[in-house]
Amino acid sequence: MKYRNGLVKKAAALLLGLAMTVANMTVVNAATAPDLDLTKTGSIALTLKDADGVTVSGGAVTAYEVAKLYLDDGNMAYAYTDGFGDCTVALDVTDTTLASSLVSYMSGCTITGTEKSVASDGTVSFTDLELGLYLIVQTIESADYETISPFVVTLPMEEDGVWVYAVNASPKVGTVTLTPEEPGEPEEPEEPTEPEEPVVPETPQTPAEPILPQTGQLNWPVPVLLIGGFILLIAGVVLKNSDKKNRRYAS
């Protein structure tokens, strides 16, 4: 029983490995390619243009080697490179979403490509490339322009029944819409201020003689004080006589 379980586990592991291998390679051209020369190298030349066909310079474009080309029973097939080894996106070059799917996968990992600057005439070239599938991404935008949409290129490319190893492409560059600043309200000119009249210093005046403050005079307290003093005088005499009588009786 244990021996049978071990065989089942080994068979399952083998099937899993085969499934991963199949997932990482997809035949994208069922036609035979007898004239295909896998010993050659290819090139990709780009010319960046805007919507009016005017070349756009500046910025940089990066080419990523996504998959290598090989023949499977005379049919063209692709296998992911090491950088895309864990990618599960089907390698179908007829899928219009393939480039965006590959870019989404790259956002979660670190993959190195070949970056080149765009020349003054809007061109950029990648030469001596191994045959396979490449992802083209503009990694630095041109001044005042949006980046080109990522796209894939196969090397070689079939054209009129002939294999083309030097591929030319003219991706469109979107113009950046610049929003002009809204003009502000014009500032009103400041009204000219009238010049102030010169201050004429006053002529110093001769100081007048000091004036003493006037004080009022009260006459009514005088008789009151006299009457009060007279009453106190009488009261003192009466008290003195009374004191003498008391001493006499006491003796």
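The values are calculated or read from the model by the stated rules, or taken from the named source; none is laboratory data. Keep in mind the model is a prediction, meaning the values are calculated, not measured. With ideal geometry, Cβ positions are generated from the backbone for all residues, glycine too; neighbour counts draw on all protein chains shown. The area values use the complete protein model at the heavy-atom level, side chains included, leaving out ligands, DNA and RNA. Shrake-Rupley method; radii C 1.70, N 1.55, O 1.52, S 1.80 Å.
Some observations on this one:
- The residues of region 110-123 that are over 30 Å from Asp52 (Cβ atoms) and touching a residue at least 24 places away in the same chain (Cβ under 8 Å), listed by number, are Ile111, Thr112.
- Restricting attention to region 77-97, the residues being open to solvent by 50 Å² or more (accessible area, probe 1.4 Å) and not aliphatic (A, V, I, L, M) number 8.
- Scanning region 162-175 for residues that are part of a loop (DSSP other than H, G, I, E, B) and open to solvent by 80 Å² or more (accessible area, probe 1.4 Å) turns up nothing.
- Qualifying residues in region 147-161 (those that are at pLDDT below 90 and not in a loop (DSSP other than H, G, I, E, B)) - the one surrounded by the fewest Cβ atoms within 10 Å (Cβ to Cβ): Glu159
- Exactly one residue among Thr39, Thr88 is out of contact with any strand residue (DSSP E or B) (no Cβ under 9 Å at 6 or more places or on another chain) and within 24 Å of Trp163 (Cα to Cα), and that residue is Thr39.
- Check on Gly113, under 20 Å from Leu69 (Cβ atoms) and modelled with pLDDT under 90: no
- Among the residues listed as Gly53, Gly83, Gly74, the single one being in contact (Cβ under 8 Å) with a residue 12 or more places away in the chain and within 26 Å of Ser125 (Cβ to Cβ): Gly83
- Among the residues of region 109-130, the ones that are part of a strand (DSSP E or B), within 14 Å of Thr62 (Cα to Cα) and open to solvent by 40 Å² or more (accessible area, probe 1.4 Å) come to 7 in all.
- Meets criteria (within 20 Å of Asp95 (Cβ to Cβ), of a type in the set (Ser, Thr, Tyr) and either more than 34 Å from the chain's Cα centre (by Cα) or buried (at least 18 other Cβ atoms within 10 Å of the Cβ) (or both)) for Tyr134: yes
- Across region 131-146, the number of residues qualifying as in a loop (DSSP other than H, G, I, E, B) and more than 16 Å from Ala60 (Cα to Cα) comes to 1.
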